[in-house]
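The values are calculated or read from the model by the stated rules, or taken from the named source; none is laboratory data. Everything quoted here is computed from the prediction, not taken from an experiment. Backbone-built Cβ (ideal geometry, glycine too); neighbour counts: all protein chains shown. The accessibility values were calculated without ligands, DNA or RNA, using every heavy atom of the protein model including side chains. Shrake-Rupley method; radii C 1.70, N 1.55, O 1.52, S 1.80 Å.
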Amino acid sequence: CRVMTILNRRDAADMSEMVPPEVRPKPAVPAKPAHVVPSSAHTPHGPGAGGPGSGGSTLLGYIGIDTIIEQMRKKTMKTGFDFNIMVVGHSGLGKSTLVNTLFKSQVSRKSAGWSRDEKIPKTVEIKSVSHVIEEGGVKMKLTIIDTPGFGDQINNNNCWEPIEKYINEQYEKFLKEEVNIARKKRIPDTRVHCCLYFISPTGHSLRQLDIEFMKHLSRVVNLIPVIAKSDTLTPDEKTDFKQRVRKELEICGIEFYPQKEFDEDTEDKSDNDKIREAMPFAVVGSDKEYQVNSKRVLGRKSPWGVVEVENPNHCEFSLLRDFLIRSHLQDLKEVTHNIHYETYRAKRLNDNGGLHPISTGVGDTQESNL
């Protein structure tokens, strides 16, 4: 009996070695010490508590380097954005209307035409208006720079010079603030991030004024050509005109945004190639709504129907809006800072032997020696 008892004990020991120990599930969130007080009265329970998607913030929770994205988002939302668009073209091409349609707000001055009491400016004037647009908790200071008088004179020689001067003045203003010893925490950004150049829908070719302007300005700013009031062209005329404009720009060596040399990788190149093939965008702008198929749409009414602004089959306004706002707004700002502004900055400092302007005290900015 004693022998049987010993054998039974050995068998039981062997069985205990064969059965794996119980595996307890690990908690998704580290347990909080007893002295830690929750940040809110109601603490969420469950495996997702304290993670990046939870409403409240806890002292101990999800830890990962991807949380820096949320930190950057919060910081950027507090700071806000600056975005500055310049519109250039003949009077009557719908520049202000198109900008208002882009942002679905009256952000640009109404300049459909000159009143009888108003004189046409003798030279190109630069007018800017700023608005703060807020959407989804994101604030953006939008500045529209208009250029009334461009191309409206009999003699338009060098009429692009005031525009080029204005763009360089904004670079100079930013440079002076940047090289001061006592700099502002956040330098106001008045640099032109994008220039929409409105081409008249002639259906033939570019005017010499168009070529000269784009040749000069493409070197200092992100230039985006658009065909204004494209509803005046038939679909075949529109296609032929776009191809002719692209070919003329290529022959004249005029590069428009996005430039091929700024493509960072194959994905960027693939996306930008599709955009370059669609440019210049043939657009229609309107701030009036019409009833079409039991729904209200933005459009331009004609004797044969309504041209719907946001209908891709009618015009390429939606492509331009997605391009400017949804996909390339941040890239426009980065190219302005890293390419155009850096080119201007390097030239200015090299011309001055690399000397920086000096501030004599806090808040006291001495004139630049540049």
Next item on the list: When a/c is below 1.5 the answer is rounded, else prolate if a/b is larger than b/c, else oblate, so apply that to the range 157-239 with a ≥ b ≥ c taken from the square roots of the Cα gyration tensor eigenvalues.
Entry: prolate
Checklist line | Solvent accessible area, Å² - residue 127, 1.4 Å probe, full protein context | finding: 70 Å²
Notebook entry, point to check: Given the pairs 260/301; 269/295; 104/238, which span a C-alpha to C-alpha distance of over 30 angstrom in this model?
Noted result: 260/301; 269/295
Check: Got a sec? Charge dipole of the range 198-281, +1 on Cβ for Lys and Arg, -1 for Asp and Glu; which of 209, 258, 243 is way out at the positive end?
Finding: 209
Check: For the pair residue 243 and residue 105, what calculated FRET efficiency results from E = 1/(1 + (r/R0)^6), where r is the Cβ-Cβ distance and R0 = 22 Å, to the nearest 0.05?
Finding: 0.05
Note to self: Once you place label points 7 Å from the Cα toward the Cβ at residue 141 and residue 202, how far apart are they in nm?
What the structure shows: 4.0 nm
Check: When ligands, DNA and RNA are left out and all protein chains stay put, how many square angstrom of accessible area per residue does the range 205-350 have with a 1.4 Å probe?
Finding: 54 Å²
Notebook entry, point to check: Residues with beta-carbon under 14 Å from that of residue 275, excluding residue 275: net charge, scoring Lys, Arg +1 and Asp, Glu -1?
Noted result: -2
Notebook entry, point to check: Can you list the aspartates and glutamates whose alpha carbon sits under 20 Å from that of residue 75, skipping same-chain ones fewer than 8 residues off?
Noted result: 66, 134, 135, 189, 331, 334
